[in-house]
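One structure below.
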Amino acid sequence: MAVPGGAGLEQAERETMSKSSYEMLIEQVREIRTLESIESLLGWDQQTYMPKCGAAHRANQSALIAASVHERFTSAELGALLEQAERVADRADPVVATNLRELRRDYDRAVKLPTRLVREIAEAGALAFEAWQAARARSDFAHFAPHLARLLELKREVADRIGWQQERYDALLDEYEPGECAAGIHELFAALRPQLVALTTAIQAAPRQPDRELPRRPAPVAQQAAFNRAMADALGFDFTAGRLDVSAHPFTTALCPQDVRITTRYDERNIADSLFSVIHEVGHALYEQGYEPRHVGTPMGTYVSFGLHESQSRLWENLVGRSRPFWQHFLPRLREVLPDWVGTDLDDWLLAINAVGPSLVRVAADEVTYGLHIILRFELERELVGGQLAVADVPEAWNERMRELLGIVPPDDAQGCLQDVHWSMGAFGYFPSYQLGNIYAAQLFAAARRALPELDAQIARGQLRPLLEWLRGSIHRHGKRYRARELLRVVTGEELSAQPFLDYLNGKYRRLYGLEA
Ligand code: ZN
């Protein structure tokens, strides 16, 4: 209630009379997020429809908006509003508490980095990306090495300015996985490593083996696109609040929950490539379409972490999309769209889309070996940031660990340490998110199973809404209210553990490949 004005009015009383500092803060943050979404739209356009010659002007547009976002978010005015809101706003309200906690975190991180450093990273990153592309094309690591060294130097400075306790890497990891540290990730991965190696070896020697050519029969793009669209719709992707387009690499861009855009690419000789990328991106998109509208533009209306985001895409792609119930429903639909595929047998198809084996390239890896690719990258980048591994020794260390973990060695660096874009963008600490996504997904799906006893039967009938509604209520609607480990505890009643993921893999693949339990 408003209180009559007067010289002796307390701060809290004044707060109730007009807009509170908290409301003003949220208003400003929403404007900044709107600006960011304009930058996202420019990025989406760049990768889908922009003519090639538009690149230079696009870079200017994006840089201008990025600078404006940084300036506004780190302004003294916003800092003062945040401080005032922290003093007077009602933190018993979990929405207010969450928004203030996360804005404080983001603000502190942003103001600790001088504009000079932010600019140097952007410039070094642009040069490194170009050098990486050339180096990969020629498989010439030495061409990329000085750029990698420069980015490491800058990112170490970032870590030192942000602050860390156990090791520098923690500060970089924290950007993608708030609250996580290298030691914790190491412990989680240590539980995975021997079991993933053992399962991969067992599958290699299994009596039953997939026909890897099965998904490679000709499938015209128009038919693939029609099937993908129908499948995305059945998964719950809202086409009145999203689009599906084509790009060189599949991705998801969310402007707001009412405008979420996904992309895929098509290969007439490999239907699986497009199909599973669509399910994956739909998984990301369903998260973005699932925030509460009233929280849009605030921490309560966004994702928990990169790993949690990835858990949604992996859950739909792998636990649902590569399962028997899913294809009991969708294989007959696929046969309708592609008459050449009429003879495709469900068991053969399931084995083919769950083919497991050591491979050189992370993005083409199966569910079982994928984690080994991540463990390798996590170990190397942790040592690079910590200074135990010299840049010049990366190719040798990479190949050595490929031999240890997967039993194969890349013939060249293009298919080895130069294959991923992440390090060329200075994104050290990003890789663990992918495997955390797999681990979270297994834990969440097991909880969904307990909550929805009819889940398999529903999926086999093509009824995917009950699972989506469960994810909406358990995860999407909470925004950033909980950190990842806390959210898992709330939703599953368990601590974060690699065991459900291992149980899922062992159960599924031993059955598929006819191995002893
Ligand atoms: Zn993803």
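The values are calculated or read from the model by the stated rules, or taken from the named source; none is laboratory data. Owing to the predicted nature of the structure, the values given are computational and were not obtained by experimental measurement. Virtual Cβ from ideal backbone geometry, glycine too; neighbours counted across all protein chains shown.
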**Asked** Residues L405, L436: which one is of a type in the set (A, V, I, L, M), more than 16 Å from the ligand (Cβ to nearest atom) and not assigned by TED's automatic domain parsing to the domain that holds R136?
**Response** L405
**Message:** I'd like the full set of residues that are within 16 Å of the ligand (Cβ to nearest atom), surrounded by 21 or more Cβ atoms within 10 Å (Cβ to Cβ) and not in a loop (DSSP other than H, G, I, E, B), limited to the stretch 408-432.
**Reply:** P432
**Asked** Do we have any residue at all in the stretch 9-23 that's at pLDDT 95 or above, of a type in the set (A, V, I, L, M, F, W, C) and touching a helix residue (DSSP H, G or I) at 6+ places or on another chain (Cβ under 6 Å)?
**Response** no
**All positions within the stretch 222-255 that are assigned to a helix (DSSP H, G or I) and among the hydroxyl-bearing types (S, T, Y)** = T240
**Asked** Quick check: is even one residue across the stretch 256-268 assigned by TED's automatic domain parsing to the domain that holds L286, in contact (Cβ under 8 Å) with a residue 60 or more places away in the chain and either assigned to a loop (DSSP other than H, G, I, E, B) or of a type in the set (A, V, I, L, M, F, W, C) (or both)?
**Response** yes
**Message:** Test of understanding: among P466, P453, which residue is in a loop (DSSP other than H, G, I, E, B) and not charged (D, E, K, R)?
**Reply:** P453
**Prompt:** Are there any pairs with C-beta distances below 8 angstrom linking a residue in the stretch 59-81 that is closer than 14 Å to D108 by Cα to a residue that is charged (D, E, K, R) and assigned to a helix (DSSP H, G or I), with the two at least 6 apart or on different chains, and if so which?
**Reply:** R72/E31; F73/D106; L78/R72
**Prompt:** Does G357 satisfy the criteria of being at pLDDT 95 or above, of a type in the set (G, A, S), in contact with a Ser or Thr (Cβ under 9 Å, 6 or more places away or on another chain) and within 16 Å of the ligand (Cβ to nearest atom)?
**Reply:** no
**Fill in**
Counting only residues that are in a helix (DSSP H, G or I) and farther than 25 Å from E187 by Cα, the stretch 351-383 contains a total of 4
**Prompt:** Residues T253, T200: which one is more than 16 Å from the ligand (Cβ to nearest atom) and either not assigned by TED's automatic domain parsing to the domain that holds P432 or not acidic (D, E) (or both)?
**Reply:** T200
**Complete:** When L214 is run through (1) within 21 Å of V320 (Cβ to Cβ); (2) in contact with an Asp or Glu (Cβ under 8 Å, 6 or more places away or on another chain); (3) within 16 Å of the ligand (Cβ to nearest atom), the failure sits at (3)
**Asked** Of all the residues that make up the stretch 156-188, how many are part of a helix (DSSP H, G or I) and farther than 13 Å from V391 by Cβ?
**Response** 22
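May I ask you to verify whether D233 is closer than 27 Å to A460 by Cα, of a type in the set (D, E, K, R) and more than 13 Å from the ligand (Cβ to nearest atom)?
Answer is yes for this residue.
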**Asked** Do the conditions hold for P194, that is, is it at pLDDT below 95 and out of contact with any helix residue (DSSP H, G or I) (no Cβ under 9 Å at 6 or more places or on another chain)?
**Response** no
**Request:** Looking only at the stretch 279-295, count how many residues are more than 23 Å from I439 (Cβ to Cβ) and either among the charged types (D, E, K, R) or within 12 Å of the ligand (Cβ to nearest atom) (or both).
**Result:** 2
**Prompt:** Which residues, counting only those in the stretch 479-506, are farther than 16 Å from L315 by Cβ and assigned to a helix (DSSP H, G or I)?
**Reply:** R485, E486, R489, V490, Q499, L502, N506
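Here's a check for you: in the stretch 256-278, which residue that is within 17 Å of E36 (Cα to Cα) and touching an Asp or Glu at 6+ places or on another chain (Cβ under 9 Å) is farthest from the ligand (Cβ to nearest atom)?
So the first thing to find is which residues in the stretch 256-278 are within 17 Å of E36 (Cα to Cα), and the list is 256-261.
Checking the rest, the ones that are also touching an Asp or Glu at 6+ places or on another chain (Cβ under 9 Å) come to 256-258, 260-261.
On the way: C256: 20, P257: 18, Q258: 21, V260: 14, R261: 14 Å.
Restricting to residues being within 17 Å of E36 (Cα to Cα) and touching an Asp or Glu at 6+ places or on another chain (Cβ under 9 Å), the top hit is Q258.
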**Asked** Taking the stretch 296-312, which residues are more than 16 Å from the ligand (Cβ to nearest atom) and in contact with a Ser or Thr (Cβ under 8 Å, 6 or more places away or on another chain)?
**Response** G297, P299, M300
